[in-house]
Amino acid sequence: TDQFGIQEALAKLGIQEINEGTSTGSRSFANGKIIESYSPVDGTLIGKVKASTKEDYEAAMAKAEEAFKIWRLVPAPKRGEIVRQMGDELRKYKEPLGQLVSYEMGKSLQEGLGEVQEMIDICDFAVGLSRQLYGLTMHSERPMHRMYEQWHPIGIVGIISAFNFPVAVWSWNSMIAWVCGDVCIWKPSSKTPLCAVACQNIIKTVLERNNVPEGVSCLVVGNESGDLINNDKRIPLVSFTGSTRIGRHVSKTVAERFGNTILELGGNNAIIVSEHADINMVLVGAVFGAVGTAGQRCTTTRRLIIHESVYGKTVEVLKNAYGQLKIGNPLDSNNHVGPLIDKGSVQDYLNAIEKAKAEGGKIIVEGGVMEGEGYESGCYVKPCIIEAENHFHIVQEETFAPILYIMKYKTIQEAIDMQNNVPQGLSSSIFTNNMREMELFLSHAGSDCGIANVNIGTSGAEIGGAFGGEKETGGGRESGSDAWKAYMRRQTNTINYGTELPLAQGIRFDL
Ligand code: UN1
């Protein structure tokens, strides 16, 4: 691996052989069992992390509670200044952190660096936001009364993130939460704990240098901590990214105690390829969408809905492109497709292909597990294309792997219905140069997803928009636009500066 400078990157990021999985800003401690992190790139043990015990969790939460009392009173633009410095720090560490993301998670180095860029971008966004946490003013129906709303920090935010975006998703949540005056407790995926340790190491210098209370940023590792967060009444908001199956459990558990959730669950994203599409553009959008991150983004393109008149041509172009894909070490910039996260995912991929075949799917580009030199980890698979029908059980599910289902349509209405006719509702797109089709797709009667694009693929959203989706995707929104409102509590204030006390709704109450 050292051909790619991994040891040097680990050293720069402060990653040790054994790392503490619990930390509050500058202080690290953990007493739990050891979690080993193996790279899907080459199967090497990268490092170990000590998981958090219940006592570790409690200690972190005590620090978080203490920190919130101080942090909420720091003026928002001053909190923004701390986040600005975090952005600067991330700029310094973009290269090694991108390398670690690539090595521990398996996405291409380009995508690893892109993920760190999302972190930097959200810092910039959050800095501006720190001066724009606006509330509305209302006109009271009563004389000499003033009404307005203000946004107060909500408290301790629990962030439970997935392996596929091991650093960016945390930053979308934490950077926004911090300018809002909240403090965070982060439970990363147990498949990518070193990325989390690295992030904590990077920002802790900023916290220290500015005398920010350490509990503003807490890290806990291991699945036990996830359960503790979900059940903890002291945590008013849990932002969860992961599968629909686990998301359902998180949603119920947190709702039971009247906590709020932001859920970013599965996607089943489709691109509609119209007869008015520019096929060269479809090519980049669809192939990157389907095979980028080896099909492990929530926004991955899983279905292509192609107009029958351009079906043959589109399939030819796709087959040709898939034939040229290089599968291998994601740190090597010659490769397009890296490994899946682990062998369990490889098995899910193989099962999905079998299920698609059993339901009548026709293989257009053959899949399979890569073997031989360079593929020793056993996690590399071939991106495949299967001609299928939208109603197939397997097509209705999200399989976190590079399997692209293709299908035909006749009318634009039929295409939109197919696109919507899945349980998930994250991302969608249409490739067309026809203005009527495009507007219909974006209309109230069009795509039912949280993200709907034109002449762009389904993945690779910018941080400036609100990110998330409907139906089984969970309904949460994070990152840009006004997603910050979920991280604050709204308070409506009515002030009477007169000498009478008139009641609202004209009610008379004479004493
Ligand atoms: C995810 O897969 O969990 O839109 C997030 C995208 C990225 C984020 C994906 N900006 O593909």
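The values are calculated or read from the model by the stated rules, or taken from the named source; none is laboratory data. Values in this document were obtained by computation on a predicted structure and should not be read as measured data. Every residue, glycine as well, gets a Cβ built from its backbone with ideal geometry; the counts of neighbours run over all protein chains shown.
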Task: Qualifying residues in segment 420-438 (those that are away from the ligand (no atom under 16 Å from the Cβ) and either within 22 Å of the chain's Cα centre (by Cα) or charged (D, E, K, R) (or both)) - the one farthest from residue 270 (Cα to Cα) - done: 436
Task: From 22, 44, residue being hydroxyl-bearing (Ser, Thr, Tyr), buried (at least 19 other Cβ atoms within 10 Å of the Cβ) and either out of contact with any helix residue (DSSP H, G or I) (no Cβ under 6 Å at 6 or more places or on another chain) or within 21 Å of residue 187 (Cα to Cα) (or both) - done: 22
Open item on the list: For segment 330-343, check the following and say yes or no: at least one residue is hydroxyl-bearing (Ser, Thr, Tyr) and in a helix (DSSP H, G or I).
Closed with: no
TODO: Give the residues of segment 239-260 that are under 17 Å from residue 478 (Cβ atoms) and away from the ligand (no atom under 16 Å from the Cβ), sorted by residue number.
DONE: 251, 254, 259, 260
- [ ] Please give the helices (runs of 4 or more DSSP H) falling wholly within segment 49-117 in which 2 or more residues are of a type in the set (Lys, Arg).
- [x] 54-71, 76-92
Open item on the list: Here is a check on your reading of the model: is residue 292 in a loop (DSSP other than H, G, I, E, B), within 16 Å of the ligand (Cβ to nearest atom) and of a type outside the set (A, V, I, L, M, F, W, C)?
Closed with: no
Open item on the list: Checking residue 46 against (1) farther than 30 Å from residue 339 by Cα; (2) outside any loop (DSSP other than H, G, I, E, B), only one condition comes out false. Which one?
Closed with: (1)
TODO: Could you figure out which of (1) crowded, with 17+ Cβ neighbours inside 10 Å; (2) over 17 Å from residue 106 (Cα atoms) isn't true of residue 349?
DONE: (2)
- [ ] Check off (1) in contact with a helix residue (DSSP H, G or I) (Cβ under 8 Å, 6 or more places away or on another chain); (2) surrounded by fewer than 21 Cβ atoms within 10 Å (Cβ to Cβ) for residue 33 and give me the number that stays unchecked.
- [x] (1)
TODO: Determine if segment 203-215 includes at least one residue that is within 16 Å of the ligand (Cβ to nearest atom) and modelled with pLDDT of 95 or more.
DONE: no
Task: Matching entry among 115, 104, 149 (being charged (D, E, K, R) and surrounded by fewer than 18 Cβ atoms within 10 Å (Cβ to Cβ)) - done: 149
- [ ] For segment 285-300, indicate whether the set of residues that are out of contact with any Ser or Thr (no Cβ under 7 Å at 6 or more places or on another chain), at pLDDT 95 or above and of a type in the set (D, E, K, R) is non-empty.
- [x] no
Task: Among the candidates 221, 238, residue that is of a type in the set (Val, Ile, Thr) and assigned to a loop (DSSP other than H, G, I, E, B) - done: 221
Open item on the list: For the condition touching a helix residue (DSSP H, G or I) at 6+ places or on another chain (Cβ under 9 Å), over 19 Å from residue 81 (Cβ atoms) and among the acidic types (Asp, Glu), what is the one hit in 227, 182?
Closed with: 227
Open item on the list: Every residue in segment 1-30 that is assigned to a loop (DSSP other than H, G, I, E, B) and touching a Lys or Arg at 6+ places or on another chain (Cβ under 7 Å), please.
Closed with: 17, 21, 25, 26, 30
Task: Residue that is farthest from residue 276 (Cα to Cα), among those in segment 439-483 that are more than 12 Å from the ligand (Cβ to nearest atom) and out of contact with any strand residue (DSSP E or B) (no Cβ under 8 Å at 6 or more places or on another chain) - done: 444
TODO: Only residues that are more than 13 Å from residue 404 (Cα to Cα), in contact (Cβ under 8 Å) with a residue 12 or more places away in the chain and out of contact with any helix residue (DSSP H, G or I) (no Cβ under 8 Å at 6 or more places or on another chain): list them for segment 358-371, please.
DONE: 360, 368, 370
Task: Only listed residue being crowded, with 21+ Cβ neighbours inside 10 Å, under 26 Å from residue 52 (Cβ atoms) and more than 13 Å from the ligand (Cβ to nearest atom), chosen from 178, 170 - done: 178
Open item on the list: Regarding segment 470-479, can at least one residue be identified that is touching a helix residue (DSSP H, G or I) at 6+ places or on another chain (Cβ under 8 Å), more than 28 Å from residue 349 (Cα to Cα) and surrounded by 24 or more Cβ atoms within 10 Å (Cβ to Cβ)?
Closed with: yes
Task: Selection from segment 428-469 of residues that are loosely packed, with under 15 Cβ neighbours inside 10 Å, without any contact (Cβ under 8 Å) to a residue 60 or more places away in the chain and closer than 23 Å to residue 168 by Cα - done: 465
Task: Flag for residue 320 being away from the ligand (no atom under 16 Å from the Cβ) and surrounded by fewer than 16 Cβ atoms within 10 Å (Cβ to Cβ) - done: yes
